[in-house]
1. What is the residue count in the range 276-294 for residues that are under 17 Å from residue 173 (Cα atoms) and buried (at least 21 other Cβ atoms within 10 Å of the Cβ)?
2. Give the range 237-259 a look and list any residue that's surrounded by 21 or more Cβ atoms within 10 Å (Cβ to Cβ) and under 25 Å from residue 552 (Cβ atoms), or say none.
3. Please find, within the range 369-387, the residue that is farthest from residue 259 (Cα to Cα) out of those that are surrounded by fewer than 21 Cβ atoms within 10 Å (Cβ to Cβ) and in contact with an Asp or Glu (Cβ under 9 Å, 6 or more places away or on another chain).
4. Name the one entry in 653, 666, 636 that is free of Cβ contacts under 8 Å to residues at least 24 places away in the same chain and under 30 Å from residue 516 (Cβ atoms).
5. Does the range 472-516 hold any residues that are charged (D, E, K, R) and either surrounded by fewer than 21 Cβ atoms within 10 Å (Cβ to Cβ) or at pLDDT 85 or above (or both), and which are they?
6. Determine whether the range 325-339 contains at least one residue that is within 17 Å of the chain's Cα centre (by Cα) and touching a residue at least 24 places away in the same chain (Cβ under 8 Å).
7. Considering only helices (runs of 4 or more DSSP H) fully contained in the range 591-701, which possess at least 2 residues that are among the aromatic types (Phe, Trp, Tyr)?
8. Within the range 441-482, can you find the residues that are part of a loop (DSSP other than H, G, I, E, B) and under 17 Å from residue 618 (Cα atoms)?
Amino acid sequence: MLVTSGPTMLLQPDLASQLQWLQELLLWQVQATRASFGALADDPYRGLYIPDAEADLLTMEWPELPLDLVAQRQRLHTTRPERESPAAQSSAPFIHLQQLFGLSNFECDVLLLALAPEIDLRFERLYGYIQDDVGKRRPAVELALRLLCLEPAERIQQRQAFAATSPLLRHQLIAIVEDSQRPSALLGRFIKLDERIVAELLGQPILDPWITPFVSQFQPTDQGSERVHHELQARLQHFIQDHAAGSVVGIQGRPGSGRRALVQTVAADHDRRLLIVDVPLLLECKLSPDEAIGRILREATLRQAALLWDASERLLHDEALSGWRTVLLQRLDSHVGISFLIFEHAWEARGSFSQRRYVRLEMPTLTYAEREQLWRGHLANDGFDDRTCQSLASTFRLGASQIQAAVTMARSLAHWNNGADHQALTLAELFAACRAQSSGRLATLARAITPTYGWDNIVLPADHITQMREICIQVRHRRIVLERWGFDAHFAMGKGVNVLFAGPSGTGKTMAAEIIARDLGLELYKIDLSAMVSKYIGETEKNLDALFTAAREANAILLFDEADSLFGKRSEVKDAQDRYANIEVGYLLQKMEEYDGVIILSTNLRNNMDDAFVRRLHVAIDFPLPEEADRERIWRQVFPPQTPLDADVDIVRLARQFKLTGGNIRNIALLAAFLAAEAGGGVAMSHIIWAIKREYQKIGKLVTATDFGSYLALARR
C-alpha cells in the first residue's frame, strides 16, 4: 500500500486515511480498466497509439462491469472518510479549507486527487495508466468525474465544480491546465493544485511566494503610547464586531497621521491577524490584477486575517488604473473578511459594494495635548524637560507614527554623531529628525532655503528685532494659546501667522526669514509665484492647493518674494482675464487664511501693496536702509575672522562715505576677497573700492567724486 511506506508514513491520520481511500479507488479503477479493455489493457504500448481492436471497442456499447466490481465501487463510496463526522479533527487541513471556502465533499475530493502526486510520485504513474496516456501524469477533469461520481447524471452536475465561478477556481485553489501541444475539451484538461494550497494541506502554511514582494504580516502587539484616537478606535472596534462577516473600511488622512497605527491597534485589541498590502508595489508586479488580488484575498481567507491596503490613493483615484480598481472593488464585495483601504484624499464607494458594508473614517489631526503626550512617552527616559516636549508638540504638527519615526531617526543620528558609547539625544537631533519626517512633496513645488543666519548676523533697529522675536513667540506658543486656552474656538480661520517684510532690496528681508526659520527649527521654502500661475483656467487653483497641502504636511515657513506683483493695489476689471486674475488672488488669500503655519510676504514696494490686504496680515515690518552706525556694524561683520585684512582698510570711512545696503556690502566683500586671493595677499582698500565700483555698475549708480572722494582714482584705474 502506498500510504504505509515512503513519505506518506509521516502524514496526519486524517490525510493518511483519505489517501488510503483514494488508493483503493484507483485500484478499483485499474481493475475496471482491465475488465473493460481485456487484453488491450496489458499492451506495453498502450497510451502511445490506438490499435484497431481498441477503436472497434470504442465504437461499441461500453461493456458491463462484473458485479463484484460494481459492488466494490458502491462500498468505496459508502466507506469514504467522513470529514463532517464528530470524530474528525476540526483542525484537519481539508476540513479547514472546506469551512473557509464553502467547498462541497466532491470539491474536497478533487483537491485530494490533485494533492496525491505532491506526496508520492507513484500516483503520477497510476494516473497515466488509468488515463491511457503515459504523458498524463496529472488527473484530468474527466478522471475526477469518473472516479468521484457514481452515476452519469452526477458527472454532468459536478462539472460546475470546474467552472470559472466555482469556489475551486474563484479562490485559485486549483488551475485547469490545457496541454499547449494538444488542446482539448474541458474533460481532457488537467487539474493542477496551487503550491500554496499544497503547503496548506500538508500543514505548512507559508506566505504565498507570489505575493511576498508586496504583502507582509503584522503580528498583534500592544501599541503602547500610540493609543491616542480613543473614541475613533472604540467606534471602529464596534463596527468590526457588528460586521465581522464582511466589511470595507476606508481610512482617510495625510501620511503619518496614524492610519496604519489605528488599524494595527484595533487588530491587536481583537487578537486578529493582519496582512498589509503595499499597493504601489502591488501595481508593479507582473501578475494580472485578477490573479494578484485573488491570491491576496485567498491568503487572507486562509489565515483568517484582515487586510490593510496601504497607500491605495493612486489605485482609487487614477483613471489609468481603472482595471485594477474594478477588480479590487468587485473582489472585495464578495470577500468574507474585513478590509481597510488607506488613502489621503476623500474617496466614496458610490455603489461599488452591494454585498459588503462600507464606511469612511477621517483621521483627526492630533491636538497639541495629544502630541505632547506622545512626546512625553517616547522621551520619558531621555532627560528632556516638559518645555522640550511642549516645544516639539507646538513646532511640529506630526502624526503618531511620524513622532515615533522621528524619535527612532534621532536615536540613529545620535549613534552616528556620538558613537555607540554615548547615544544621548540632543534637541538638534530631534529637530532634524522632525524636519525629515515633515518634508517631502513640498521640495518638488518650491525651492528650499537652508537657514544659515542667526540673530547676531542681522543689523536692524531694536524694535524690528523685537517684532521678529514676537513672530517666533506666536509660533512657539500658538498651540497653548489656541488649543489649551480656548482661542481656537474664537477664530474659524486665520490661525497661522501671516507676515509682511517690506523694504528696498538688500535690507535683510530674506535673511530675517532665515533667522526666524532657524530659531524655530522649521524648514523655509521660497515660492515662485510665476510657476504657480497658469494661463489655463483652474490650473492655478490646483497648483496652489497642492502647494499648501504639501506645506501643511511639512509644517514649513513659506516665503513669497515680490508679493506686490500679486497683491498690488486693485485696478478696474476690464476684461475676463482681469476677472480671472482676481479670482486667483482671492483663492490664494483663502488658502493663506486656512494655512495654520507661517507665511512671509516680501516686497520692495510697500506703497504698491493693497491696503485692505495688508490690514489682514498679523505682522508688518519695514526694513529701512541702514544708517551709518548700522553700516559700520555690517562692514565689521561681513569679513569672517579668518580673512586677512590689510591695515589700510578703513571700516569707519566705508560706512560713512558709501550709503549701501547690507546686501550690497556682502556682495562687495565677497568680490574683494576674490580679488585679494588672485593678487596673493590680504584684502586691501583698493580691492574693496574696485568691488564697490562693480556694485555701483550693477545697480545703475554713477561712479562720482561725491561718493568716492579721494578713492575715485582707485575706482577709475
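1. Number satisfying all stated conditions: 2.
2. Keep residues of the range 237-259 that are surrounded by 21 or more Cβ atoms within 10 Å (Cβ to Cβ), which gives 247-251, 256-259.
The answer is 249, 250, 251, 256, 257, 258, 259.
3. Filtering the range 369-387 for residues surrounded by fewer than 21 Cβ atoms within 10 Å (Cβ to Cβ) gives 369-370, 373, 376-377, 379-387.
Now drop any that are not in contact with an Asp or Glu (Cβ under 9 Å, 6 or more places away or on another chain), which leaves 369, 376-377, 386.
Values: 369: 19, 376: 21, 377: 20, 386: 27 Å.
Here the answer is 386.
4. Working: 653 fails: under 30 Å from residue 516 (Cβ atoms); 666 fails: free of Cβ contacts under 8 Å to residues at least 24 places away in the same chain.
Exactly one residue qualifies, and that residue is 636.
5. Initially, the range 472-516 is screened for residues charged (D, E, K, R), giving 476, 478-479, 483-484, 488, 495, 509, 514.
476, 483, 484, 488, 495, 509, 514, listed by residue number.
6. yes
7. Working: elements: 611-615, 628-638, 651-657, 662-679, 685-699.
Once the helices (runs of 4 or more DSSP H) in the range 591-701 are filtered for at least 2 residues that are among the aromatic types (Phe, Trp, Tyr), what remains is 685-699.
8. Within the range 441-482, the subset part of a loop (DSSP other than H, G, I, E, B) is 445-446, 450-454, 458-461, 477.
Residue satisfying the conditions is 477 alone.
The values are calculated or read from the model by the stated rules, or taken from the named source; none is laboratory data. Because the structure is a prediction, the values reported are computed rather than measured. In this analysis, Cβ positions are derived from the backbone assuming ideal geometry, glycine residues included, and neighbour counts consider all displayed protein chains.
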